[in-house]
Amino acid sequence: MKIRDLVLGALLTALALMIPLAFGGFLGVTIPPFSATLASHVPVMLAMTVNPLVAFVVGAGSAFGFLIKLGPVIGARAFMHTIFAVIGAILIKKGYGLRNALFLTLPIHAVSEALIVIPFGFSLYKAGVVIGIGTALHHGVDAIITLAVYGLLTASAGFTLRKN
């Protein structure tokens with residue numbers, strides 16, 4: 001792995017940890033049993049543009065932050081970020097581009113978060129409808145934020161995470 005990728009991964013992991021730990025209450029939206037922290041997917045989504053390993057590490061860092069701040073159910077849901085992030089990074093590596101990767105990973109993200117809460121006693125309705133649809137909406141909002149941030153990063157000083 002290149003030093004540049006390592007540094008980007010470290011910075012994005014730090015941000016992925018900071019969002020739930022420092023801003024979880026402020027950016028949090030709760031509609032029981034669903035909860036979301038706005039912009040929490042942005043570091044993971046940006047990490048997809050670096051490479052699959054960095055995407056996995058940033059997703060795991062996000063999960064650790066949510067585990068510490070909000071407990072095992074939210075931590076398990078956040079660990080599902082590793083799945084969609086790695087798949088998204090592979091799609092980007094194959095030339096799909098960030099926008100398409102974010103669109104294609106939305107159902108993977110929603111279904112994986114819905115399935116992971118079932119062992120915690122969630123009914124199929126609460127898991128599928130409340131968590132699944134809530135996650136899909138949250139993914140969509142954070143995808144828009146990610147595309148805006150990525151556009152600003154790539155437009156300023158010729159900085160690129162990855163050529164798309």
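A single entry from Leu21, Leu38 fulfils the requirement of being within 12 Å of the chain's Cα centre (by Cα) and not polar (S, T, N, Q): Leu38. Scan segment 139-155 and tell me whether some residue there is without any contact (Cβ under 8 Å) to a residue 40 or more places away in the chain, surrounded by 17 or more Cβ atoms within 10 Å (Cβ to Cβ) and not aliphatic (A, V, I, L, M). Yes, because at least one residue in segment 139-155 is without any contact (Cβ under 8 Å) to a residue 40 or more places away in the chain, surrounded by 17 or more Cβ atoms within 10 Å (Cβ to Cβ) and not aliphatic (A, V, I, L, M). Contact map, segment 104-125: residues that are hydrophobic (A, V, I, L, M, F, W, C) paired with residues that are not in a helix (DSSP H, G or I), Cβ distance under 6 Å, separation 6+ or inter-chain. Pairs shown: Ile116/Met80.
Do you know which of the residues in segment 44-98 that are part of a helix (DSSP H, G or I) and hydroxyl-bearing (Ser, Thr, Tyr) is farthest from Pro119 (Cα to Cα)? First the steps, then the outcome.
Filtering segment 44-98 for residues part of a helix (DSSP H, G or I) gives 44-47, 52-70, 72-79, 81-93, 98.
From what's left, hydroxyl-bearing (Ser, Thr, Tyr): 62, 82.
Details: Ser62: 21, Thr82: 19 Å.
My answer is Ser62.
Of the residues screened, Pro43 is one that is closer than 22 Å to Ile133 by Cα, modelled with pLDDT of 95 or more, crowded, with 19+ Cβ neighbours inside 10 Å and under 15 Å from the mean Cα position of the chain (by Cα). Restrict the check to segment 19-31 and report whether at least one residue is at pLDDT below 95, closer than 29 Å to Thr154 by Cβ, small (Gly, Ala, Ser) and not in a helix (DSSP H, G or I). Among the residues of segment 19-31, not one is at pLDDT below 95, closer than 29 Å to Thr154 by Cβ, small (Gly, Ala, Ser) and not in a helix (DSSP H, G or I), which makes the answer no.
Taking the stated definitions as given, is Thr37 touching a helix residue (DSSP H, G or I) at 6+ places or on another chain (Cβ under 9 Å), over 27 Å from Ile118 (Cβ atoms) and not basic (Lys, Arg)? Spelling it out, it is not the case that Thr37 is touching a helix residue (DSSP H, G or I) at 6+ places or on another chain (Cβ under 9 Å), over 27 Å from Ile118 (Cβ atoms) and not basic (Lys, Arg). Note on segment 70-87: residues that are within 9 Å of the chain's Cα centre (by Cα) and either of a type outside the set (A, V, I, L, M, F, W, C) or within 13 Å of Leu102 (Cα to Cα) (or both) total 4. With respect to the conditions (1) out of contact with any Lys or Arg (no Cβ under 8 Å at 6 or more places or on another chain); (2) of a type outside the set (Ser, Thr, Tyr); (3) buried (at least 19 other Cβ atoms within 10 Å of the Cβ); (4) within 28 Å of Ala22 (Cα to Cα), Leu91 lacks only one, and its number is (4).
The values are calculated or read from the model by the stated rules, or taken from the named source; none is laboratory data. Not measured: the values here are computed from a predicted model. Cβ coordinates were reconstructed from backbone atoms using ideal geometry, including for glycine residues, and neighbour counts include every protein chain displayed.
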